[in-house]
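A.B. asks: First the structure, which I've put down as C-alpha cells, then a few questions once you've had a look.
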Amino acid sequence: MPGGRRGALVLAATAAVAALFVLAAPASGNFPQSIESTVPAGGESFVTSSPLPPTATSATVTLTPSGSESPSAFDELTEVMAVAPTPGTKLLYCIGLYLAAGQYYGDPLGFDESGPQLAFLLLKACLQIAFGGQSAGPRAAVASTACPQKGIAIGMRITSSGGQYGVRVKGRTHRSSRRPGVVVACRRLGSGLQITLRARKRGQPLTQVLGPQLGIGLLNRSTGRSVAVNTAFAVR
C-alpha cells in the first residue's frame, strides 16, 4: 500500500489559477483507450476520452503512475471530475475524492471562460476551485476501502455559439439537494486508482448524465517536479 496523501477537492473564497496546463486526448476513437500525460509542476492536466458510444451505460477511469514514476508523487495529485449538466440544468457539480477535513460549502467563486470543448471548461472550473484549496486529506487508513467522496454544487450558465461554449460560474458553493444522474465509486488498484461511473437510472446512457465524453482533471500542487500519469478509459 503506497504512502502519501490523496488529493482533495476543496473550495476556497479565492481560487488561484494554475499558470501551466496540459490538455490530453486519445489518438484513436476506439475503447478501451489509454493516454499518457504529464502534470506539470504547479500546474494542471486535463484528460478527456473520445466521444462515448451512445449505448454505453457504465465506464471506468483507471489512473496509474507512468513507467518509473514514483507512487508517492502520484498520490500527491488532486483528482477532480465534473458532471456535465443536462440541457436546462443550472448547476455545476464537482466530485472530489479523499477530501481533507474542512469547510467545503458557502465559499464564493467566479469563473467565466469560453472554448470549443465543454468538458474541458467544466473540468477547468472545478480545478480552479481545487487549486485554491487546502492540502490533501489522509488516505492510508481508508486506502483499501471505497474512496470517500464529496460533491459540491455551484450556480452555472452555459452558452453555445459558432462552435464555442461559454461557461460562467458565479455564486456560493453548496450541498446540492438533488443527487446527480451518475453514481461514482472508486477503489485503490495497485499503486493507482480506478473510478467507476454508471447512470443512476438503470439502462440510461452515460451521454445523458455525463455529457459526450469522459474527463478527469489532475492538479499538481508541487512546484518541484512534474508527474507522469497513465489514464485508461473503458466503457460498457
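A.B. asks: Do we have any residue at all in the stretch 141-151 that's at pLDDT below 85, surrounded by fewer than 17 Cβ atoms within 10 Å (Cβ to Cβ) and in a helix (DSSP H, G or I)?
C.D. replies: yes
A.B. asks: What strands (runs of 3 or more DSSP E) completely inside the stretch 31-91 contain at least 3 residues that are within 25 Å of Ser160 (Cα to Cα)?
C.D. replies: Ranges flagged: 44-48, 78-83.
A.B. asks: When only residues in the stretch 18-34 that are within 16 Å of the chain's Cα centre (by Cα) and within 20 Å of Glu76 (Cβ to Cβ) count, which is modelled with the lowest pLDDT?
C.D. replies: Ala18
A.B. asks: For the list (1) under 15 Å from the mean Cα position of the chain (by Cα); (2) under 13 Å from Leu92 (Cβ atoms), I need the number of the one condition that Arg168 fails.
C.D. replies: (1)
A.B. asks: Test Ser45 against the stated conditions and say whether it is loosely packed, with under 13 Cβ neighbours inside 10 Å, of a type outside the set (Val, Ile, Thr), more than 24 Å from Gly181 (Cα to Cα) and at pLDDT 75 or above.
C.D. replies: Taking the combined requirement at face value, the residue does not satisfy it.
A.B. asks: Here is a further query. Can you tell me which condition Gly190 does not meet? The list is (1) surrounded by fewer than 16 Cβ atoms within 10 Å (Cβ to Cβ); (2) closer than 21 Å to Leu121 by Cα, and all the others hold.
C.D. replies: So Gly190 meets the others, but not (2).
A.B. asks: OK, next. For Ala101, indicate whether it is more than 28 Å from Lys201 (Cα to Cα), surrounded by fewer than 18 Cβ atoms within 10 Å (Cβ to Cβ), modelled with pLDDT of 90 or more and of a type outside the set (D, E, K, R).
C.D. replies: For Ala101, the condition - more than 28 Å from Lys201 (Cα to Cα), surrounded by fewer than 18 Cβ atoms within 10 Å (Cβ to Cβ), modelled with pLDDT of 90 or more and of a type outside the set (D, E, K, R) - is not met.
A.B. asks: Across the stretch 211-236, what is the number of residues that are touching a helix residue (DSSP H, G or I) at 6+ places or on another chain (Cβ under 9 Å) and closer than 21 Å to Tyr93 by Cβ?
C.D. replies: Residues flagged as touching a helix residue (DSSP H, G or I) at 6+ places or on another chain (Cβ under 9 Å) and closer than 21 Å to Tyr93 by Cβ within the stretch 211-236 amount to 9.
A.B. asks: If you don't mind, there's one more thing I want to ask. In this structure, does Val183 turn out to be over 25 Å from Arg221 (Cα atoms), modelled with pLDDT of 80 or more and of a type outside the set (Phe, Trp, Tyr)?
C.D. replies: yes
A.B. asks: Buried (at least 19 other Cβ atoms within 10 Å of the Cβ), among the β-branched types (Val, Ile, Thr) and modelled with pLDDT under 80, is that true of Ile95?
C.D. replies: Here the answer is no, as Ile95 does not meet what is asked.
A.B. asks: Counting only residues that are surrounded by 19 or more Cβ atoms within 10 Å (Cβ to Cβ) and within 14 Å of Ser49 (Cα to Cα), which one in the stretch 208-231 is modelled with the highest pLDDT?
C.D. replies: Here the residue is Thr231.
A.B. asks: Filter the stretch 188-229 for residues that are among the small types (Gly, Ala, Ser), farther than 16 Å from Ala59 by Cα and assigned to a loop (DSSP other than H, G, I, E, B) and give the result.
C.D. replies: Gly190, Ser191, Ser222, Gly224, Ser226, listed by residue number.
A.B. asks: If you check Ala185, Ala232, which single one turns out to be in a strand (DSSP E or B), of a type outside the set (Lys, Arg) and without any contact (Cβ under 8 Å) to a residue 40 or more places away in the chain?
C.D. replies: Being in a strand (DSSP E or B), of a type outside the set (Lys, Arg) and without any contact (Cβ under 8 Å) to a residue 40 or more places away in the chain holds for just one of Ala185, Ala232, which is Ala185.
The values are calculated or read from the model by the stated rules, or taken from the named source; none is laboratory data. Everything quoted here is computed from the prediction, not taken from an experiment. No Cβ is skipped: glycine too gets one built from the backbone with ideal geometry, and neighbour counts run over all protein chains shown.
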